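The structure appears below as structure tokens.
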Amino acid sequence: MTATNTYLLLRAFCDELARCGMQHACTAPGSRSTPIVLSLVRQPRIRCWSHIDERSAGFFALGAAKRSSRPVAVTCTSGTATANLAPAVIEAQYARVPLIVLTADRPPELREVGAGQTIDQLKLYGDAVKWFFEVGLDRATPDSLRWIRTLACRAYWTAADGPPGPVHLNFPLREPLVLSEPLPEDRSGRDGEEPYVMFDAPAPTAPSPAGPGGHPAGRIVIVAGQDRDPDGGGHIARVAAEAGIPLLADPLSGARRGPTAVVHYDLLLRDPEFAAAHRPQFVLRAGDLPTSKPLRAWLAGLEAAQIAFDPDGVWHDPDAVVGLRIRAPLGANPPFVDGAPIAADRDWLASWRAADHAVAGAVDATLGDELSEPRVARALGGWLPPEATLFVASSMPIRDVEEFFPARDGGPRVLSNRGANGIDGTVSSAFGAAAASSGEGPVVLLIGDVALAHDIGGLLAASRLGLPLTIVLLNNDGGGIFHFLPVAGESDAFEEHVATPHGLEFARAAALYGCDYHRPATLAALRDAIESSLAGDGTTIIEVRTDREENLALHRRVVDAALAALSRL
Ligand SMILES: Cc1ncc(C[n+]2csc(CCOP(=O)(O)OP(=O)(O)O)c2C)c(N)n1
């Protein structure tokens with residue numbers, strides 16, 4: 001018995017992944033996965049990133065897939081290693097990110113008989129994956145080589161085709177696990193570099209968006225949330241600009257730009273009078289729902305006709321108010337992109353813009369140039385170069401970016417793990433984005449201290465993988481978000497069990513993981529630290545110390561100032 005058949009089949013499988021377009025894969029150490037790992041590593045067109053912790057490997061693959069919009073493979077050995085990929089798989093499902101999970105397993109005769117490192121891996125991720133398949137690797141005949149090539153194509157295209165998501169292939173592997181002889185040549189692939197199976201999904205076209213309320217006209221708003229298409233935001237902003245429609249866009253949409261962008265919708269809609277006076281007749285929703293609670297509550301209470309555009313037809317409507325779903329991106333269809341038939345109300349736009357302008361002034365005056373969490377979020381929106389990617393952690397960073405990030409044409413791309421809103425794996429995801437950004441601009445991570453502590457092991461990518469990343473750490477020693485919630489009043493348990501202060505000195509983590517470290521005391525010093533980190537090629541942790549109570553008070557002052565500014569209009 002030799003390993004030749006296994007390696008011949010796996011080599012064809014990996015060759016086919018590369019032909020389909022795969023550029024990155026993640027590995028983690030183990031014995032049973034040896035044939036998969038070696039086959040991936042020996043495929044010259046796939047860059048393999050080695051990780052110790054499968055959780056990091058999974059989230060790194062997720063970040064790389066998110067940044068590149070291409071499937072990324074992640075492999076691990078049998079046993080609990082496979083379960084450590086579950087959080088990233090779940091996030092990939094909800095965030096529509098194409099992942100190809102390749103788990104090594106014991107062969108059937110070693111299952112359920114007490115063999116080591118053996119758990120039930122069949123359908124381990126349940127409905128979180130788009131496709132599960134148990135891959136039997138037998139003799140490498142011309143037929144089976146052709147079959148495994150089509151299997152690789154099927155895995156790749158299933159992960160990539162809308163809605164994108166994770167697929168799971170489980171590989172029972174028998175010993176021996178390494179080759180004892182050179183691999184013979186394999187000519188089973190198609191001539192040239194063509195994949196065995198090509199895939200063509202016709203671009204969706206949007207019908208004229210006439211739903212229950214007729215054709216949109218008059219008082220219309222566009223609400224844009226997280227979009228997986230890197231160009232999608234530009235199209236949305238163009239529709240809004242051409243038709244003169246107020247554009248309420250989360251920075252994750254890439255659409256917070258253009259002359260109709262309303263940056264401070266989260267603050268505006270906290271004013272009941274403003275919210276009531278600005279009820280639209282039509283809402284055009286693109287992508288996921290933004291995070292903002294005031295926006296969500298306002299949308300839920302409207303009587304307007306709401307039309308949801310999504311290229312995958314994904315159902316994002318927790319309040320059951322959408323009356324028409326269009327399975328296309330907003331702006332996909334020429335008549336709609338060019339805006340011709342939309343007769344939007346110009347006074348309506350002017351009213352949103354005037355209010356936004358007034359609130360912007362109030363926010364700037366309240367924040368001043370003190371180092372604070374919202375001020376950092378606002379500053380990054382202005383400072384980062386257009387080619388940068390900003391990865392934003394869940395909790396307050398994503399909320400502050402939504403509330404305070406300025407509108408900017410050609411701003412940085414903003415990414416976040418908002419599928420399941422976890423704080424886990426954020427460092428690793430940002431490193432994955434950095435891997436896929438190589439040569440295309442720097443990556444900056446904005447993260448809180450609990451999220452950083454949660455994935456502190458992800459920092460290993462800095463020295464082991466030599467990846468550059470600028471980490472802006474907002475350290476308020478605990479979960480600052482919980483101070484905004486009623487639980488903050490439960491003083492017997494709040495600090496220890498909810499806020500969870502930890503007292504970690506992140507300078508030591510920086511030293512342990514080989515990162516540079518700065519702790520700027522002013523906004524100017526923060527900017528200097530970010531700029532010098534962006535110019536370098538290492539990983540830097542730039543720590544901004546804040547206080548949870550003060551942060552709460554500052555957010556309240558901002559709201560008060562915004563409401564006061566609106567009342568003066
Ligand atoms: C995996 C996971 N565990 C727990 C939570 C619940 N959670 C939401 S925010 C948060 C605290 C985050 O604190 P930090 O990263 O310091 O950000 P801050 O709240 O201070 O902005 C926690 C634990 C979660 N979202 N994901």
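The values are calculated or read from the model by the stated rules, or taken from the named source; none is laboratory data. Please read these numbers as outputs of a predicted model, since none were measured by experiment. Cβ coordinates were reconstructed from backbone atoms using ideal geometry, including for glycine residues, and neighbour counts include every protein chain displayed. Note: accessible area is taken over every heavy atom of the protein model, side chains too, but ligands, DNA and RNA are not part of it. Shrake-Rupley method; radii C 1.70, N 1.55, O 1.52, S 1.80 Å.
Assorted remarks:
- Long hydrophobic helices in the chain, taken as whole DSSP H segments with a C-alpha length of 30 Å or more on their own axis and mean Kyte-Doolittle hydropathy at least 0.0: 346-367.
- Taking the Cα centre of the chain as origin and assigning +1 to Lys and Arg Cβ atoms and -1 to Asp and Glu Cβ atoms, the resulting dipole is close to 1000 debye.
- Of the residues Leu380, Ala344, Leu10, the one whose Cα sits farthest toward the positive end of the charge dipole of the chain, with +1 on the Cβ of Lys and Arg and -1 on the Cβ of Asp and Glu, is Leu10.
- Taking 0.36 nm per residue of separation and subtracting the Cα-Cα distance, full extension of the segment from Leu122 to Leu465 would add 120.3 nm.
- Label-to-label distance, Ala320 versus Asp409, with points set 7 angstrom from Cα along the beta-carbon direction: 4.4 nm.
- In plain terms, the chain from Leu512 to Glu496 could stretch by 3.1 nm, reckoned as 0.36 nm per residue minus the Cα-Cα distance.
- Dipole-positive endmost among Val129, Ala521, Thr389 within the chain (Cβ charges, Cα centre): Val129
- Cut-off 11 Å between beta-carbons: net charge of the residues surrounding Val559, Lys and Arg +1, Asp and Glu -1: -1
- Gyration tensor (alpha-carbon) shape descriptor, the stretch 69-129, a/c threshold 1.5: prolate
- Stretch in the chain that is longest and holds no chymotrypsin sites (Phe, Trp or Tyr not before Pro) that DSSP places in a loop and that have at most 13 other beta carbons within 10 Å: 316-569
- Fully extending the segment from Ser31 to Arg545 would add 180.7 nm, taking 0.36 nm per residue of separation and subtracting the current Cα-Cα distance.
- Square roots of five times the Cα gyration tensor eigenvalues for the stretch 1-55, Å: 18, 17, 7
- Per residue, the chain exposes an accessible area of 40 Å² to a 1.4 Å probe, with every protein chain left in place.
- Listed residue (Val443, Phe309, Val544) projecting farthest to the positive dipole end of the chain, Cβ model: Phe309
- Kirkwood Rh and Cα Rg combined as Rg over Rh, evaluated for the chain: 1.00
- Calculated FRET value between Asp200 and Ser532, using beta carbons and R₀ = 60 Å, to 0.05: 0.80
- Helix-only [θ]222 nm of the chain, DSSP H runs n ≥ 4, -39500 (n - 2.57) each, per residue, nearest 500: -11000 deg cm²/dmol
- Magnitude of the charge dipole for the stretch 110-251, about its Cα centre and with charges confined to Cβ atoms of Lys, Arg (+1) and Asp, Glu (-1), is about 360 debye.
- Peptide packing for 109-116, 471-478, 520-527 was compared via the average number of neighbouring C-beta atoms within 10 Å per residue; ordered from the highest value, the list is 471-478, 520-527, 109-116.
- In a reduced charge model with +1 at each Lys and Arg Cβ and -1 at each Asp and Glu Cβ, the stretch 25-114 shows a dipole moment near 460 debye about its Cα centre.
- Computed on the chain, with alpha-carbon pairs under 8 angstrom and 6+ residues apart, the relative contact order is 14 percent.
- Projecting label points 7 angstrom from Cα along Cα→Cβ for Arg139 and Glu185 puts them 2.3 nm apart.
- Here the Kirkwood formula puts the hydrodynamic radius of the stretch 220-308 at 12.8 Å, using every distinct Cα pair.
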